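> My questions all concern the structure below.
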Amino acid sequence: MSAKTETGHTPLLRVEELKVHFPAGRKTLFSKEPQQVVKAVDGVSFHVCEGETLAIVGESGCGKSTTGNAILGLEPATEGRIFFRGRDLTEMNAMERAAMWRNLQVVFQDPVSALDPKRTIAQSIAEPLSVFEPSLNGRARQARVRDIMPKVGLDLAMINRYPHELSGGQNQRVGIARALAVQPKLIVADEAVSALDVSVQSQVLNLLMDLQNEFGLSYLFIAHDLAVVKHVADLIAVMYLGKIVEIAPAEE
């Protein structure tokens with residue numbers, strides 16, 4: 001895959017022949033290597049441009065979440081290259097990669113388990129600020145939290161509540177606010193609405209689209225349901241048994 005897309009744009013995220021394999025089966029007396037390998041991701045290539053949404057859809061176990069985890073550094077890549085803003089994440093050391101995470105954030109599937117039950121909503125949203133903007137004092141972080149909450153549809157009266165005091169949809173909005181806190185360029189949304197009721201799914205999807213228009217965000221949207229993503233994605237990639245078998249504009 002070239003450094004530029006067919007439209008001449010330089011992609012924000014570019015994945016080339018990504019493979020993620022896991023050992024399976026027992027090691028033998030005569031070999032230290034496992035007898036079998038599970039090819040969770042097997043030669044995947046795609047790109048995401050600025051302000052664009054690419055959805056990866058497929059049945060459970062097809063490798064779509066593993067692809068997202070490899071991009072985020074949560075799973076090591078067996079082979080392949082991952083370029084973000086022109087830099088190869090697979091060749092970075094831990095410190096260099098951590099610095100890139102400010103621009104590469106994630107919204108997880110389960111909004112409750114993704115949040116620390118002992119932290120208030122304000123503390124959860126402010127957590128990445130303490131990591132990526134340590135120069136901000138407590139008052140400045142609180143101001144940033146108060147600025148973000150209304151943007152994701154959270155009432156400021158909730159600021160000192162805990163996750164168990166909110167609904168699933170509200171907790172997912174907290175997760176989105178936490179991802180937005182450090183003003184990222186790309187958000188990986190891994191089954192971000194699958195744990196929510198249908199009516200709440202629609203609200204969160206509309207919110208993500210509104211935030212994209214306001215902040216110029218790019219999304220890698222991972223889902224198992226084509227109907228969920230067809231209205232929010234610019235491109236849809238269909239994944240099956242670790243491979244992308246089709247990729248096309250959403251209207252097609």
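> Could you run through the range 115-139 and say how many residues are open to solvent by less than 80 Å² (accessible area, probe 1.4 Å) and outside any loop (DSSP other than H, G, I, E, B)? I'd like the intermediate steps shown before the answer.
So in the range 115-139, the residues open to solvent by less than 80 Å² (accessible area, probe 1.4 Å) come out as 115-116, 120-122, 124-130, 132-133, 136, 138.
Add one more test, that the residue is outside any loop (DSSP other than H, G, I, E, B), and what stays is 121-122, 124-130, 132, 138.
Number of matching residues: 11.
> Further question on the same structure: Based on this model, can you work out whether Val106 counts as β-branched (Val, Ile, Thr), part of a strand (DSSP E or B), touching a helix residue (DSSP H, G or I) at 6+ places or on another chain (Cβ under 8 Å) and within 22 Å of Val188 (Cα to Cα)? So that I can check it myself, show each step before the final result.
On the way: β-branched (Val, Ile, Thr): yes; part of a strand (DSSP E or B): yes; touching a helix residue (DSSP H, G or I) at 6+ places or on another chain (Cβ under 8 Å): yes; within 22 Å of Val188 (Cα to Cα): yes.
Spelling it out, Val106 is indeed β-branched (Val, Ile, Thr), part of a strand (DSSP E or B), touching a helix residue (DSSP H, G or I) at 6+ places or on another chain (Cβ under 8 Å) and within 22 Å of Val188 (Cα to Cα).
> If Gly8 satisfies every condition in (1) on the phi > 0 side of the Ramachandran plot; (2) modelled with pLDDT of 85 or more; (3) outside any strand (DSSP E or B) but one, which is the exception?
Every condition holds for Gly8 apart from (2).
> Limited to the range 38-95, what total is found for residues that are part of a helix (DSSP H, G or I) and farther than 28 Å from Asp210 by Cβ?
Initially, the range 38-95 is screened for residues part of a helix (DSSP H, G or I), giving 64-72, 89-91, 94-95.
This time we only want the ones that are farther than 28 Å from Asp210 by Cβ, so: 66, 70, 89-91, 94-95.
Within the range 38-95, residues that are part of a helix (DSSP H, G or I) and farther than 28 Å from Asp210 by Cβ number 7.
> Another question about this same structure. Just to be sure, is Val112 under 17 Å from the mean Cα position of the chain (by Cα), of a type outside the set (D, E, K, R), within 23 Å of Gly153 (Cα to Cα) and open to solvent by 30 Å² or more (accessible area, probe 1.4 Å)? Walk me through how you get there before you give the answer.
Working: under 17 Å from the mean Cα position of the chain (by Cα): yes; of a type outside the set (D, E, K, R): yes; within 23 Å of Gly153 (Cα to Cα): yes; open to solvent by 30 Å² or more (accessible area, probe 1.4 Å): yes.
For Val112, the condition - under 17 Å from the mean Cα position of the chain (by Cα), of a type outside the set (D, E, K, R), within 23 Å of Gly153 (Cα to Cα) and open to solvent by 30 Å² or more (accessible area, probe 1.4 Å) - is met.
This table checks each residue for (1) in contact with a strand residue (DSSP E or B) (Cβ under 6 Å, 6 or more places away or on another chain); (2) among the aliphatic types (A, V, I, L, M).
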| site | (1), (2) |
| --- | --- |
| Ile82 | yes, yes |
| Asp116 | no, no |
| Arg146 | no, no |
| Met149 | no, yes |
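> Looking at the range 133-174, which of its residues are under 24 Å from Asp210 (Cα atoms) and among the aliphatic types (A, V, I, L, M)?
Ala143, Val145, Ile148, Met149, Val152, Leu154, Leu156, Ala157, Met158, Ile159, Leu166, Val174
> Right, Arg81: on the phi < 0 side of the Ramachandran plot, open to solvent by 70 Å² or more (accessible area, probe 1.4 Å), in contact with a helix residue (DSSP H, G or I) (Cβ under 6 Å, 6 or more places away or on another chain) and touching a residue at least 40 places away in the same chain (Cβ under 8 Å) or not?
Working: on the phi < 0 side of the Ramachandran plot: yes; open to solvent by 70 Å² or more (accessible area, probe 1.4 Å): yes; in contact with a helix residue (DSSP H, G or I) (Cβ under 6 Å, 6 or more places away or on another chain): yes; touching a residue at least 40 places away in the same chain (Cβ under 8 Å): yes.
The answer is yes for Arg81.
The values are calculated or read from the model by the stated rules, or taken from the named source; none is laboratory data. All of these numbers come straight from a predicted model, not from anything done at the bench. Note that we place each Cβ from the backbone using ideal geometry, even for glycine, and neighbour counts take in every protein chain shown. Surface accessibility is based on the protein's heavy atoms, side chains included, excluding ligands, DNA and RNA. Shrake-Rupley method; radii C 1.70, N 1.55, O 1.52, S 1.80 Å.
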